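Input: one structure, supplied below.
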Amino acid sequence: MSDQTLNLAVIGGDGTGPEVTAEAIKVLGAVASLEGFSYQTTDFDFGGERYLRTGETLPEGAVDELRTFDTIFLGAVGHPDVAPGILEKGLLLELRFQLDQYINLRPVKLYPGVETPLAGKTPEDIDFVVVRENTEDMYCGTGGFLKKNTPDEVAIQSAVYTRKGCERCIRWAFEFTRKRDNPQGKMLTLVAKTNVLTYGHDLWWRTFQDVAAEYSDVKADYNHVDACCMWMVKNPEYYDVIVTTNMFGDIITDLGGIIQGGMGVAAGGNINPDPGGVSMFEPMGGSAPKYTGQNVINPIAAISAMSMLLEHTGQPSAAARVSSAIQSVTGTKMKSQAAGKMGYGTREVGDLVCEAL
Ligand code: IPM
Ligand code: MN
């Protein structure tokens, strides 16, 4: 933080994004007064509506302005009247890339009282963290067409991996695993596909071995991504921390999201850990247009993202307080984590978390 006041940029975004964001900010307000720290928020109206009005996803100078904040909270992007890819690339990925948020931290934790589709698995079994590289891979937009719209059309979409890019992510993941200090043993699993992606994932593999040599207290483990999907369902308790590439991380964290109770619960942080880096925290779910404005969407994921934000901005005790309040609400109050089935409205769930603080 630049000074004592947490200076937060808020992008509510599209659909139900602003509704869940409001609950996360409500909880921030409550925990800030209990813990005695101050914060200030500045709203940005980026998203589908603004794009339809102005034709721009991020106006000139927006990224530089966002750089002046301690951190960013993002609700959701995605608008039914905007073609797929425009807001995703023009807003979400643009911010991840321009702010060099090279870690996408996605905890997979089954809270008490939350139903998982995995038979017989409990909160003790489902508690691991995925560290997803967030700036490279197939997300770079490198590629093109040849002979487009002809029978001879060629499409190329390349995955870009750099030594610097994978090393900084792997190193951060080892540090994170060390600090997480799992009592069952510290283990970092690299998830990749070294048997097929013999260039890019060979670079990841070699880099992983090199960095692992500096962390003798952390077991360095490896799974192919297809096997990882199987283990996440069969034996999720196997994992402590996973480090993986951007594309595989995208896919396995949706699987992670559903085993922890769904998109109403799953949260993540796009982190730039470098000094002065600006990070961005978000619920993993989308903008859920069909639920917009009905007070039925689940704000737990957004409130969890706020807890992660607090942890990251040097308020660990506030973060822990929010996290245990969430667990008390899921464990003792909410009927379900599905939109419209919670037994409470969006705002009421926010109020319950505030009361449980
Ligand atoms: C996510 C999303 C994004 C991604 C999309 C919206 C570009 O699926 O945050 O996981 O692929 O990273
Ligand atoms: Mn995704």
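Counting Lys +1, Arg +1, Asp -1, Glu -1, what net charge surrounds Gly200 among other residues with beta carbon under 13 Å of its beta carbon?
It works out to a net charge of -1.
Follow-up question, since we're still on this one. Let me spell out the model: positive unit charges on the Cβ of Lys and Arg, negative unit charges on the Cβ of Asp and Glu, origin at the Cα centre of the chain. What dipole size does that give, in debye rounded to 20? Show your work: numbers first, answer last.
Values: 30 positive and 45 negative charges, 128 e Å.
Value, rounded to 20: 620 debye.
How much length is gained if the chain between Lys89 and Thr198 is pulled fully straight, taking 0.36 nm per residue apart and subtracting their Cα-Cα distance, in nm to one decimal?
Full extension from Lys89 to Thr198 adds 36.4 nm.
Then there is this: If you count, for each residue, the other Cβ atoms within 10 Å and average over each peptide, how do 149-161, 12-24 line up from highest to lowest?
So the order, starting with the most tightly packed, is 12-24, 149-161.
Something else about it: Rg and Dmax of the chain, using alpha carbons, in Å: what are they?
20.1, 66
Go ahead and run the numbers for FRET between Glu355 and Ser317, Cβ-Cβ distance against an R0 of 25 Å, rounding to 0.05.
Efficiency for this residue pair is about 0.85.
Suppose R0 equals 45 Å. What FRET efficiency, 1/(1 + (r/R0)^6) with r the Cβ-Cβ distance, do Asp125 and Leu146 give to the nearest 0.05?
0.40
Give me the accessible area per residue for the chain, probe 1.4 Å, as a whole number in Å².
Per-residue value: 43 Å².
Which distance in nm do the two modelled labels at Arg163 and Ser324 give, with both placed 7 Å along the Cα-to-Cβ direction?
4.7
According to a simple spin-label model (label point 7 Å from Cα along Cα-to-Cβ), what is the distance in nm between Gln294 and Thr68?
4.0
Shifting gears a bit: Measure up Lys164/Lys193; Lys89/Lys341; Lys109/Lys333 against 30 Å on the Cα-Cα distance and list the ones that go over. All intermediate terms of the calculation are to be shown ahead of the outcome.
Working: Lys164/Lys193 19 Å; Lys89/Lys341 32 Å; Lys109/Lys333 18 Å.
Long pairs (Cα-Cα over 30 Å): Lys89/Lys341.
Something else now. Using a 1.4 Å probe on the protein chains only, how many percent of the accessible area of the chain belongs to carbon and sulfur?
Numbers: 7970 of 15420 Å².
So the carbon and sulfur contribution to the accessible surface is 52 percent.
How many angstrom lie between the C-alpha centres of segment 13-89 and segment 239-317?
Segment 13-89 and segment 239-317 have Cα centres separated by 14 Å.
Still on this structure: Between Glu35 and Gln184, what is the spin-label point distance in nm, taking each point 7 Å from the Cα along the Cα→C-beta axis?
Simple spin-label model gives 2.8 nm for this pair.
Rounded to the nearest 20 debye, what is the charge dipole size of segment 258-357 about its Cα centre when +1 sits on each Lys and Arg Cβ and -1 on each Asp and Glu Cβ?
On the way: 6 positive and 6 negative charges, 79 e Å.
That gives a dipole near 380 debye.
Specify which residue in the list Thr162, Phe174, Trp231 is farthest towards the positive end of the charge dipole of segment 145-264, using unit charges on the beta carbon of Lys, Arg (+1) and Asp, Glu (-1), about the Cα centre.
So the residue furthest toward the plus end is Thr162.
Rank Thr332, Ile72, Thr16 by how far each Cα sits towards the positive end of the charge dipole of the chain (+1 on Lys, Arg Cβ; -1 on Asp, Glu Cβ) and give me just the farthest.
Thr332
Once you list every other residue whose beta carbon is under 11 Å from the beta carbon of Asp45, what net charge do they have if Lys and Arg are +1 and Asp and Glu are -1?
Residues close to Asp45 contribute a combined charge of -1.
Applying 1/(1 + (r/R0)^6) with R0 = 22 Å to the Cβ-Cβ distance of Leu255 and Asp100, what FRET efficiency is obtained, to the nearest 0.05?
0.25
The values are calculated or read from the model by the stated rules, or taken from the named source; none is laboratory data. This one's a predicted model, so the numbers in the text were calculated from it and none came from an experiment. In this analysis, Cβ positions are derived from the backbone assuming ideal geometry, glycine residues included, and neighbour counts consider all displayed protein chains. Remember, those area values only see protein heavy atoms, side chains included, never the ligands or the DNA or RNA. Shrake-Rupley method; radii C 1.70, N 1.55, O 1.52, S 1.80 Å.
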